[in-house]
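Read the structure below first, then the notes.
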Amino acid sequence: MFLFLLMSAVAILLFGKADPTVFERTRAVVMDTTAPVLEALSRPVATVAEFIEEIEQLVVLRDENANLRQENVRLEIWQNRAQKLEAENTRLRDLLRYVPEPPAKYIAARVVADSSGAFVRSLLVNAGSRDGIVNGQAAVVGGNLIGRVAEVGQTSARILLMSDLNSKIPVLVAASRARAVLAGDNSPLQRLLYLSANAQVKPGDEIVTSGHGGVFPAGLTIGTVTSIGQAGVRVMPYVDWDLIEEVLLVDYESEAVLSALPDNSEQSVKSVGEKPNPRR
Amino acid sequence: MMNAVWQRLDLFARMLTPSLTVGALVILSVLPLHIPSYSSVVPSLALMAVFYWSLHRPDLLPAVAVFLVGILHDILTGGPMGAQAFIFLGAYWVTGSQRQFFLGKSFLVVWWGFMMIAAAATIMQWVFMSLIFGTLIVPLPAVFSFLQTVALYPLFAWAFIRVQRSLPQAA
């Protein structure tokens, strides 16, 4: 009996490796059944965490208030500038007959399980295909990318964090527009791969999604470059994954990109199709 | 009559307890605890239960339960299915085979035994994952996770002893 079970484990492992879709249904069913249990259990934990946070916030309230006032003044100046730039942008886009990106739809979900360990980095959320979640959608917290949907059940879904070994995301260095792929290796910092040799990158540069592949919207912020050395270019993400309670999933499909393009722009349609697939 | 039914149900529930604690610890280990930098040192709670029960009450922890809990672990963590099941079964078998040696020994000796098994499980998991993902995985998070697992064992063992006292004696 014991040997049979051990062989079964190996067989499941090999089958799953040969064809990852074999156990997709089983995984989705187990995820859907355990998600409500996990959700019920995670609420008191979250409540305790919130309570501690509130006490901490009370302590720093005065300082924070002063800081916020200062920031408000600064942001008002920025708002003014942004409005001017937006008007200018619209004018210039009209001049160029630029095709704008299709508007994205957001689905909010609660994190019910944080299954991040030493080997896999992922989160389980309480929204699934019933809520419009599809494999590959971008997961965002506070406007910053944290990962993508990797498994979908009816009422639950798994988000593969950017730090996971299997995470590869097409990105841009915001300042120099140099293209690269952001890859996870289970450590807190991510690596920039396939950066061309003459690309200009320096510590502090912001990394954003490039939108190549049409799965993610372009321009989602990710993090900043922290070091450039023998071990490659390292990126520190903006979001601390241990503290995430809710995520937004961006419903932004490549079909939407295709349908948003005018009929006569054949070349643009082709270039969308040619872009690399980030899910590989 | 009714009393007898309840007694049986009670006995049945107690018999299931070891398997259920392993399952419950798998679920507990994936709950979002919102502790900063916790994810890189998360301990393997279920391994402690597998070790404890296969040492003290193997009659109440069937291999099937170990296998199923391993599969549940793989699905909940999103890892390759079968990997944790294999490792749990391995730990179950090794512990069972060394049972005679550990029984009646002081807690320190048992703790040392758990450290050995946890180390073997961690190394095996690292080799497995590196093979499956086709790359050498950074080993440091696994080392932290191992240390955390070993350090927390006395606490969980204390809780398991309390649970064990409520269980019916082996036949």
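Could you grab me the full set of residues in segment A:246-280 that are within 22 Å of the chain's Cα centre (by Cα), at pLDDT below 85 and of a type in the set (D, E, K, R)?
A:ASP251, A:GLU253, A:GLU255, A:LYS275, A:ARG279, A:ARG280
Would you confirm, using the coordinates I've provided, whether A:GLY142 is more than 14 Å from every other protein chain (Cβ to nearest Cβ), within 23 Å of B:PRO32 (Cα to Cα) and surrounded by fewer than 22 Cβ atoms within 10 Å (Cβ to Cβ)?
Here the answer is yes, as A:GLY142 does meet what is asked.
For segment A:162-174, which residues satisfy the criterion of being in contact with a strand residue (DSSP E or B) (Cβ under 7 Å, 6 or more places away or on another chain) and in a loop (DSSP other than H, G, I, E, B)?
Hits for segment A:162-174 are A:MET162, A:SER163, A:ASP164, A:ASN166, A:SER167, A:ALA174.
Do we have any residue at all in segment A:103-111 that's free of Cβ contacts under 8 Å to residues at least 24 places away in the same chain and more than 14 Å from the chain's Cα centre (by Cα)?
Within segment A:103-111 (the criterion being free of Cβ contacts under 8 Å to residues at least 24 places away in the same chain and more than 14 Å from the chain's Cα centre (by Cα)), the answer is yes, since at least one residue qualifies.
Exactly one condition in (1) in a helix (DSSP H, G or I); (2) within 30 Å of A:VAL134 (Cα to Cα); (3) at the interface with chain B (Cβ under 10 Å from one of its Cβ atoms); (4) not charged (D, E, K, R) is not met by A:PHE4; state its number.
Status for A:PHE4: all satisfied but (2).
Does at least one position in segment A:26-34 carry a residue that is among the small types (Gly, Ala, Ser), in a helix (DSSP H, G or I) and surrounded by 10 or more Cβ atoms within 10 Å (Cβ to Cβ)?
Scanning segment A:26-34, I find at least one residue that is among the small types (Gly, Ala, Ser), in a helix (DSSP H, G or I) and surrounded by 10 or more Cβ atoms within 10 Å (Cβ to Cβ), so the answer is yes.
Here is a yes/no grid of residues against (1) over 24 Å from B:PHE144 (Cα atoms); (2) surrounded by fewer than 24 Cβ atoms within 10 Å (Cβ to Cβ):
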{"residue": "B:PRO62", "(1), (2)": "yes, yes"}
{"residue": "B:ASP74", "(1), (2)": "no, no"}
{"residue": "B:GLY79", "(1), (2)": "no, yes"}
{"residue": "B:PHE101", "(1), (2)": "yes, yes"}
{"residue": "B:PHE107", "(1), (2)": "no, yes"}
{"residue": "B:TRP112", "(1), (2)": "no, yes"}
{"residue": "B:ALA118", "(1), (2)": "no, yes"}
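For (1) within 14 Å of chain B (Cβ to nearest Cβ); (2) crowded, with 24+ Cβ neighbours inside 10 Å, each residue gets a yes or a no:
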site: A:GLN79; (1), (2): no, no
site: A:ASP114; (1), (2): yes, yes
site: A:GLU151; (1), (2): yes, no
site: A:ARG177; (1), (2): no, no
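The values are calculated or read from the model by the stated rules, or taken from the named source; none is laboratory data. Remember, it's a predicted structure, so these values are computed and weren't measured experimentally. Cβ: placed from backbone, ideal geometry, glycine included. Neighbour counts: every protein chain shown.
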